[in-house]
Amino acid sequence: MQSSQVLSALPVVICLASFVTPPHPLFAQQRYRVTGKDVWLYQQPGGKRLAQFSDSAMLGGSDSVQNDYRSVTLDGWIFAASTGSTDRDGFDLAVTKGGGENVRTAPAGALLAHVPKGFLFSKTGEERRWAHVRRAGWMRVTELTPVDSAETAAGPGGLTPGPRPGVNLPDSTAIPLDSATQAARRTELYRAPEGPSAGVVAATLPMRVISRSGEWTRVQLEGWVKTADIATTPPGVLIGISSAELRADPARYVGQTVRWTLQYIALEKADELRPDMPEGADYLLTRGPFPERGFVYVIVPDARRDSVTGLVPLSRITITARVRSGRSRYIGNPIVDLVSIETEGQP
């Protein structure tokens, strides 16, 4: 009797699920970059606007297209205190904060979208004060650009550039490697794929192609600068290396020493959620290195414990540190071991 009641209820559940979720499995999704400003997620093609995306945000989309709208998935992290439980329309989480809340690529990570109060999500996980959430919807095809070389290393929504087997293969029709070429137009130079800007390259500037990954090409430039404008690099210390470069090629930088300027946030204790760190170790939660806005974990050895006591939250610090991990296992942030630290205004 009970079995027949369960079976009779199944069609109702299935119909409800197909109503609230556009038909695209996550594992088959292509990655897209949002192009343009004031770009919205819609409940249905041309229907109610649900959430506004950040410029250049990344998200997953399917092959399902209706009336020039593509089926997509908003997948990210939200501050748990800004949400509450619900059972509306097949979802289990609702935004309760007045004025809405931001959805990020990782806990305290880059901005992905802004959602209004009352926005509904399906909760898929949690980490400390953050909830991992997901919501399907639709976006205009013209506001999405396919991204072949993106790779999620920090969980869904958290992007870290790098090769994927069978995807980021060299383009046989492109300029050969080790080939002299030039910029076709005035273009921006990046330290790493999806990383911070390194400056602007003038049109027709000569350069050499040294590697390629999907839509990105690594180039080598040659030129002259005034000697007075060059900073002296301490022996064995890398200067100018970005966090994005560590995430893109983590094995390359393990054991290397970097010098970074960071924003100190808090002194924390490593636990089982940080398997890349010794359990119980002290570490600094920091943002940077400037001008990046990602996060860096700085492990503090016992001998350096006194040097970090009394740091003021949000103050700027300059550290010399040895790279333990270019990309942590769950969140994808670099982990370094502190060698020395200087606070702003002190030698």
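Assorted remarks:
- Here LEU189, LEU59 are placed in order of increasing Cβ neighbour count within 10 Å, fewest first, which gives LEU189, LEU59.
- Using a cut-off of 24 Å between Cα atoms, the listed pairs LYS97/LYS123; LYS37/LYS123; LYS117/LYS269; LYS123/LYS269 include LYS37/LYS123; LYS117/LYS269; LYS123/LYS269 as exceeding that distance.
- Within the shell defined by Cβ-Cβ distances under 12 Å, the residues around VAL200 carry a net charge of +1, with Lys and Arg each +1 and Asp and Glu each -1.
- Computing FRET efficiency as 1/(1 + (r/R0)^6) for ASP89 and ASN67, where r is the C-beta to C-beta distance and R0 is 30 Å, gives about 0.85.
- For segment 66-138 versus segment 240-301, the spacing of their alpha-carbon centroids is 27 Å.
- The ranking of PHE119, PHE290, PHE79 from fewest to most other beta carbons within 10 Å of each one's beta carbon is PHE290, PHE79, PHE119.
- Taking a Cβ cut-off of under 12 Å around GLY61, the surrounding Lys, Arg, Asp and Glu residues balance to a net charge of +1, with basic ones at +1 and acidic ones at -1.
- Cβ crowding within 10 Å ranks ARG70, ARG185 as ARG185, ARG70, fewest other Cβ atoms first.
Taken together, the values in this text are just the output of simple stated rules run on the coordinates, not laboratory data. As the structure is a prediction and not an experimental result, all values here were calculated from the model. With ideal geometry, Cβ positions are generated from the backbone for all residues, glycine too; neighbour counts draw on all protein chains shown.
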